[in-house]
Amino acid sequence: MIVFRSVQSLFITIIVMLVAGIALPLTYSGYVLMDGIIYQSGTETLKDKLESLIQPVSQRYERLQRIGLEDSEDHLRDIRDSALQQFTNYRYKETGSVFVLANDGRIVLSHDFDTGEQVTKHSLFAATQGIEEGIVEYTVNGIEKLAVYRHYPAWNETIGLSITKDELFDARNMFLRVILVVLLFSLILAILSLLVLRRRIIRPLVQLANSAKEITRGNFESQAEGEFWGEFSAVQEAFDTMRISIKEKVDRIEGQLNLIQIKESNLTEANNELEQSEAHLRTLIETLPDLVWLKDPEGFYLECNPRFEQFFGAKEGEIVGKTDYDFVSKELADFFRENDKIAMAAGSPSVNEEEVTFADDG
């Protein structure tokens, strides 16, 4: 557990954590986002560049076919040699170059390998075999490279365009360096600003906090002492006004609490009397020899006495929540329901004669 010995050390730690907590996730997310954008846009650009190199070669083959010279070895050789020469001289940015890889793993053209070199054991060859087109990352001479490639049916070979990852992701790395410099500058500026304002902000706050601590202990005579300036002077005056106001309110509240305690005592006595009265009424209802019950306007039973339990031949818990239709015939239940409606409509005591059979003894 970290123990802070001063408000200053706590404040510095909080500032550093806030700056780091905001800047580091933003830096990381920006780094990842730029990495993805650059990777996607870079590979798409490489694909477009590669296609723009291959398309003129394909067009020359198509022209040969249209004039019926597609089997001319001299013309085919001329197109291939011309294309390989163009591929050899092509550069994309500083490190982007074309490679041609035969199906048997022999290098036909490359700036990374020797012409005729067998690369069957290299990751470049393994990644391109049996795949029409794709993207591959590989390392050659300690340099990480990224390449797009496609199988070219006219030659039955793989043609690709590669570039070093350092050059491809140079913008991302520059972004990261700039962000780190800005982050470091922000931390230094925050710490310097805190040190400069320590006397003007932290010390008055500490003095006000000490006075507040005394107030929490019940010492309402404690005043905030020390040098206050600017807005803190107004805060100090408001604090003293608040201290006096709190003292007056505490005195009033204590008086009100005493009054509330007296009222609570009276309310408790009244509740006890009401409970006793309800118990007496319940005892009276249960001991009456007559049938006593209570229904809601829909005819559902809410409570009844033991004599009524004998009428239905069921306990009160089994009767509550049910209607007459659950215990007697429909004709008798309709008769009961009609009398209930007459009693409700009258709004005063209603009398009717009923002849019923008790369920418990017949």
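The values are calculated or read from the model by the stated rules, or taken from the named source; none is laboratory data. In this text the structure is predicted, and so the values were computed from the model without any measurement. Ideal geometry is used to build each Cβ from the backbone, glycine not excepted, and the neighbour counts take in all protein chains shown. Quick note on the areas: whole protein, heavy atoms, side chains included, nothing else; ligands and nucleic acids left out. Shrake-Rupley method; radii C 1.70, N 1.55, O 1.52, S 1.80 Å.
Rounded to whole Hz and in sequence order, give me ³J(HN,Hα) for region 108-125 from the Karplus expression 6.51 cos²θ - 1.76 cosθ + 1.60, θ = phi - 60°, writing x for Gly and Pro.
8, 8, 5, 9, 9, 10, 7, 4, x, 5, 8, 10, 4, 8, 8, 5, 4, 5
Translational diffusion coefficient, Stokes-Einstein: compute it for the chain using the Kirkwood radius over C-alpha pairs as Rh, at 37 °C and 0.692 mPa s, and state it as an integer in µm² s⁻¹.
On the way: Rh = 32.9 Å.
Answer from the Stokes-Einstein relation: 100 µm²/s.
Under 18 Å between alpha carbons, and skipping anything fewer than 8 positions from K93 in its own chain: which lysines qualify?
Those lysines meeting the cut-off are K47, K49, K145, K165.
Taking a cut-off of 14 Å between Cα atoms, list the aspartates and glutamates near K330, but don't count ones fewer than 8 places away on the same chain.
Once the sequence-local aspartates and glutamates are set aside, what remains near K330 is E338.
With a sphere of radius 12 Å drawn around the Cβ of E316, what net charge do the other residues whose Cβ falls strictly inside it have (Lys, Arg +1; Asp, Glu -1)?
0
Reachable aspartates and glutamates from K341, Cα under 17 Å, same-chain residues fewer than 8 places away excluded?
D296, E298, D324, E331, E353, E354
If you stretched the chain out fully between K93 and N339, how much longer would it get, using 0.36 nm times the residue separation minus the C-alpha to C-alpha distance?
78.4 nm
Keeping all protein chains in position, work out how much accessible area S72 exposes to a 1.4 Å probe, and write it in Å² to the nearest 10.
30 Å²
Can you tell me the orientation of helix 170-197 relative to the chain, as the angle in degrees between its alpha-carbon axis and the longest Cα principal axis, to the nearest 10?
Compared with the principal axis, the helix lies near 50 degrees.
Please list, in order along region 350-362, the HN-Hα scalar couplings obtained from phi with the Karplus expression 6.51 cos²θ - 1.76 cosθ + 1.60 (θ = phi - 60°), rounded to whole Hz, x for Gly and Pro.
Result, ordered by residue: 10, 10, 8, 9, 9, 10, 10, 10, 6, 6, 7, 10, x Hz.
Enter the angle in degrees (range 0 to 90, nearest 10) between the Cα long axis of helix 7-66 and the first principal axis of the Cα atoms of the chain, meaning the one along which they spread out most.
Result, in degrees: 50.
Summing +1 for each Lys or Arg and -1 for each Asp or Glu, what net charge is found among the other residues whose Cβ lies under 13 Å from the Cβ of R63? Walk me through the intermediate numbers first.
Values: positive: R60, R66; negative: E62, E70, D78.
With Lys, Arg at +1 and Asp, Glu at -1, the neighbours total -1.
Under 14 Å from the Cβ of L76, count the other residues' Cβ atoms, weight Lys and Arg +1, Asp and Glu -1, and hand me the total.
Details: positive: R60, R63, R77, R80; negative: E62, E70, D71, E73, D74, D78, D81, E157.
Neighbour charge sum, excluding L76 itself: -4.
Y152's amide H: which non-local residues (gap 5+, or another chain) put their own amide H closer than 5 Å, with H modeled 1.01 Å from N in plane and none for Pro or chain starts?
Correct list: E157, T158, I159.
Expressed as an acute angle from 0 to 90° and rounded to the nearest 10, what is the orientation of the C-alpha long axis of helix 73-89 relative to the principal long axis of the chain?
70 degrees
Picking from N210, N339, N103, which is most flexible by a Gaussian network model of the chain using Cα springs under 10 Å?
Looking only at N210, N339, N103, the largest GNM fluctuation is found for N339.
Please work out how much accessible surface Y90 shows to a 1.4 Å probe, ignoring ligands, DNA and RNA, in Å² rounded to 10.
Solvent-accessible area, nearest 10 Å²: 50 Å².
Skipping prolines and chain starts, which residues have an amide H placed within reach, meaning under 5 Å, of the one on E303, given they are 5 or more residues away or on another chain?
L294
Would you check the accessible area of D112, probe 1.4 Å, heavy atoms only, in square angstrom rounded to 10?
The accessible area comes out at roughly 40 Å².
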